[in-house]
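Step one of this worksheet: look at the structure below.
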Amino acid sequence: MGNLTVEFFEKTMRNPVMNASGTLGYGKEIESLWGIETLGAYVTKGLSAEPHHGNPTPRVWEERNGMINSIGLQNIGVDRFFDEYFPYFKKRKTPVIVNFFGFTEEEYLACAAKIKPDPFIVALEMNLSCPNIKKGGISFGKEPGAVFEIVKHVKGVTKIPLVAKLTPEVRNIVEIAQAAHEGGADGLTLINTMPAAVVDVKSRNIPIRGGLSGPILKPIALRAVYECSKAVPIPIIGAGGIMNTEDAISFFMAGARAIQIGTATFVDPYAIPKIIRGIGEYLDAHGCSGIGDIVGIARD
Amino acid sequence: MDDIEATIIQNKHIVSNYYTLKLRLSKSMGRVLPGQFVMLKIPGNEVFLRRPFSIYAYSNNTLTLMYRVVGKGTEILSKCPKNERTLVLGPLGNAFHIRKTDKYIVVAGGIGIAGVHTLIKRLGKKASIFYGCTNKEELSLINDMLHLNPMVSTLDGSCGFEGNVIALLGGYIESTKGEDRQIFVCGPAGMVRNLQKLIEKDRTPCQALVEERMACGLGLCFGCVIKTIDEKEPYKRACKEGPVFDLWEILL
């Protein structure tokens, strides 16, 4: 099989495929099915400076062609992750992207500052979909000005490359991408889940409000990758409804340099290894020497 | 663990909205422990997340599930014909821990019987079984364990004790006071809460098999949590740390 290796922020990854944050637990959970080193990089469950308990159930709901989750960012905190889980990835020589969040700017800064550079940390991935509790609960990621500010401030406390993960629920995602770039972001992950709700007609209530993911998101994500990769020069990680190899290839063609797989893993826990193999086969069949040969070819 | 190809060899309606599904697996699932479950792909393209089902029985690559139609997934499943192909991931989750004791008490309500069925098979005559359901017809769910003389209750009083199974259990708990007992329970949350209240004073050792909506079944998504007394980390995954929990550690 052809060479799937990619360089990301001067680090080498075996392939351009990652899990989406929060869809592969703390990493070890998949061990009985396939090796974590299969991944180009493992993206951590969203971590915060202090642990979070998360939301009551129901936390997951299936919709037509999509899934809604309301996990509530449950996590053990960044310190415990590095004590208990990070050594495992180093031992398995698996690069890590550390997804993190906060509900105030201080929390983002505190979390980012706690993460020390390491040969196995490729980047920090900043979840910008969180509500800013000091600004009436509006997400950090909704206004270009706020995005510029928080990215710039986080860049000030870390030497690790910073990837901003953007919410699709904005007026103009290109504007947000540009603001993140100007703030100093080294890359973007496009896109996070879309806020959504379910009405249960039988019980006449709303059992869940949360983030919509899955196949229904794919065209929205593709458009974001396409538009933003035209507008900013930093690498883009595509995410949103990638269920199979063809979906994955379409994200590269739209301009993504890497991809993340989330909901597909719940449908088929072998989706990630299957898609990695599929990308290799695609490149071989089309005489490509690497993924770079197809990145952006549908766009340019 | 492999994603195992399976063929439906029987999908039988039992009574009201209860069914049993027999699957022939293309290879062995390995050792199955009482309390464990599988994630089953619902045939067709209408729903895409797998659904969790307790392992009702398993031997020689034949897996039996007992299920109740509760939503879209199980409704589609109930209409699947023989020979339909699907996928099974399992066995998943922890298991009932059987400690040597004088008295084993197994309590189940409704479809909860599916969760304790392999446990009952394991305990055999050593188990005192308490089963509660809506009416006489639904007692056909425990047809294969009548020789174990289960105590039954029906809400409409059409057979056995009239009322809920915890009220029926109350007398037995009283009469076996002081004995070393171990209780296993699987049923609706209200029933398990009532059991908690019934044995609150003695805090009789009890393990509860819980049910939650799941997405992955593997501990990946943290979707199926149950609240526990652990103040530092209250929400535990039903699929990973469970589905069997110490009754005294969960908050229902």
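Read phi for every residue in the stretch A:138-144 and hand back ³J(HN,Hα) as whole Hz from Karplus 6.51 cos²θ - 1.76 cosθ + 1.60, θ = phi - 60°, with x for Gly and Pro.
In residue order, the calculated couplings are 6, 4, 4, x, 9, 10, x Hz.
Run the numbers for B:Ala189 and B:Ala167: contour at 0.36 nm per residue of separation, minus the present Cα-Cα distance, in nm. Mind dumping the intermediate values first?
On the way: separation 22, 0.36 × 22 = 7.92 nm, distance 1.53 nm.
Stretched fully, the B:Ala189-B:Ala167 segment lengthens by 6.4 nm.
Across the stretch B:103-211, how many lysine pairs, 8 or more apart or on two chains, come within less than 22 Å at their alpha-carbon atoms?
Total qualifying Lys-Lys pairs in the stretch B:103-211 comes to 10.
Which aspartates and glutamates, on any chain, are close to A:Lys165 with Cα under 16 Å apart, when same-chain ones fewer than 8 places away are left out?
Hits, sequence-local ones excluded: A:Glu105, A:Glu125, A:Glu143, A:Glu149, A:Glu175, A:Glu182, A:Asp186, A:Glu227.
I want to check the label-to-label distance for B:Asn135 and A:Glu175. Put each point 7 Å from Cα in the C-beta direction and report it in nm to one decimal.
Here the answer is 6.2 nm between the modelled labels.
So what is the relative contact order for chain A, in percent, with contacts set as C-alpha pairs under 8 Å and at least six apart?
Working: 675 pairs, mean separation 54.3, N = 300.
Relative contact order comes out at 18 percent.
Normalising by the residue count of the stretch B:103-211, find the relative contact order in percent from Cα pairs under 8 Å and 6+ residues apart. Working shown, then result.
Details: 184 pairs, mean separation 32.7, N = 109.
Relative contact order comes out at 30 percent.
Using the count of nearby Cβ atoms within 10 Å as a rough guide to exposure, how do A:Lys45, B:Lys126, A:Lys134, A:Lys202 rank from fewest to most? Mind dumping the intermediate values first?
On the way: A:Lys45 24, B:Lys126 14, A:Lys134 10, A:Lys202 6.
In order of increasing Cβ crowding within 10 Å: A:Lys202, A:Lys134, B:Lys126, A:Lys45.
What lysines does B:Lys72 reach when the alpha-carbon gap must be under 23 Å and sequence neighbours fewer than 8 apart in one chain are set aside?
A:Lys202, B:Lys12, B:Lys22, B:Lys41, B:Lys82
Which of A:Arg204, A:Arg92, A:Arg171 moves the most in a Gaussian network model of chain A with Cα springs under 10 Å?
Among A:Arg204, A:Arg92, A:Arg171, the largest mean-square fluctuation in the Gaussian network model of chain A belongs to A:Arg204.
So how much slack lies between B:Met1 and B:Leu251, counting 0.36 nm per residue of separation and subtracting their Cα-Cα distance, in nm?
Working: separation 250, 0.36 × 250 = 90.00 nm, distance 3.16 nm.
Extending this stretch completely gives an extra 86.8 nm.
For each of B:Lys79, B:Lys240, count neighbouring Cβ atoms within 10 Å of the residue's Cβ, then give the residues from fewest to most.
Numbers: B:Lys79 11, B:Lys240 20.
Going from least to most buried by this count: B:Lys79, B:Lys240.
Under 1.5 on a/c is rounded, so check that first for chain A, then, if it is not, pick prolate when a/b is larger than b/c and oblate when it is not; a ≥ b ≥ c are the square roots of the alpha carbon gyration tensor eigenvalues. Please report the intermediate quantities before stating the final value.
On the way: a/c = 1.25, a/b = 1.16, b/c = 1.08.
Cα axes put chain A in the rounded bin.
Rank A:Gly290, A:Gly137, A:Gly240 by mean-square fluctuation in a GNM of chain A with C-alpha springs under 10 angstrom and give only the top-ranked residue.
A:Gly137
Note the count of lysine pairs whose C-alpha atoms are less than 20 angstrom apart in the stretch A:53-162, limited to pairs 8 or more residues apart or on different chains.
16
Springs between alpha-carbon pairs under 10 angstrom, Gaussian network model over chain B: which of B:Glu138, B:Glu46, B:Glu241 fluctuates most?
B:Glu46
Antiparallel as a % of all DSSP beta bridges within the protein assembly as shown, to the nearest 5? Intermediate results must be reported in sequence, preceding the final value.
Numbers: 56 of 103 bridges.
Around 55 percent antiparallel, to the nearest 5.
How many partner chain Cβ atoms sit within 10 Å of a residue's Cβ in peptide A:259-268, on average, as a whole number? Walk me through the numbers before you get to the answer.
On the way: counts 0, 0, 0, 2, 5, 1, 5, 12, 8, 6.
Mean number of neighbouring Cβ atoms from other chains: 4.
Treating the angle as unsigned and between 0 and 90°, give the value, to the nearest 10°, between the Cα long axis of helix B:189-198 and the longest Cα principal axis of chain B.
20 degrees
Residues of the stretch B:59-84 with amide nitrogen under 14 Å from the 7 Å Cα-to-Cβ point of B:Lys121?
Within reach of a label on B:Lys121: B:59-66.
Highest mean first, how do B:186-198, B:214-226 rank when packing is the count of other Cβ atoms within 10 Å averaged over residues? Mind dumping the intermediate values first?
Values: B:186-198: 18.9, B:214-226: 25.9.
Answer by packing, highest mean first, reads B:214-226, B:186-198.
Over the stretch A:199-300, what per residue volume does the convex hull of the Cα atoms give, in whole Å³? Mind showing how you got there, number by number?
Values: hull volume 11.7 nm³, N = 102.
Per residue, the Cα convex hull of the stretch A:199-300 comes to 115 Å³.
What is the calculated FRET efficiency for A:Glu246 to B:Glu200, with r their C-beta to C-beta distance and R₀ = 60 Å, to the nearest 0.05? Could you put the intermediate results ahead of the total?
Values: r = 57 Å, r/R0 = 0.95.
That gives a FRET efficiency of 0.60.
By DSSP, what percent of the beta bridges with both residues in the stretch A:33-153 are antiparallel, rounded to the nearest 5? Walk me through the numbers before you get to the answer.
Values: 7 of 15 bridges.
Rounded to the nearest five, the antiparallel share is 45 percent.
Over the stretch B:2-92, what is the mean sequence separation of C-alpha contacts under 8 Å (at least six apart), divided by residue count, expressed as relative contact order in percent?
Here the relative contact order equals 41 percent.
Would you mind computing, in nm to one decimal, how far apart the modelled labels at A:Glu149 and B:Leu146 are, each placed 7 Å from Cα along Cα→Cβ?
7.4 nm
Report the extension gain between B:Lys82 and B:Ile14 in nm, rounded to one decimal, defined as 0.36 nm multiplied by the number of residues separating them, less their alpha carbon distance.
Gain in length upon complete extension: 22.9 nm.
Bear in mind that the values in this text are calculations on the coordinates, not laboratory data. Bear in mind that the values here come from a model prediction, so they are computed numbers and not experimental data. For neighbour counting, all protein chains shown are included, and Cβ atoms are generated from backbone atoms with ideal geometry for every residue, glycine included.
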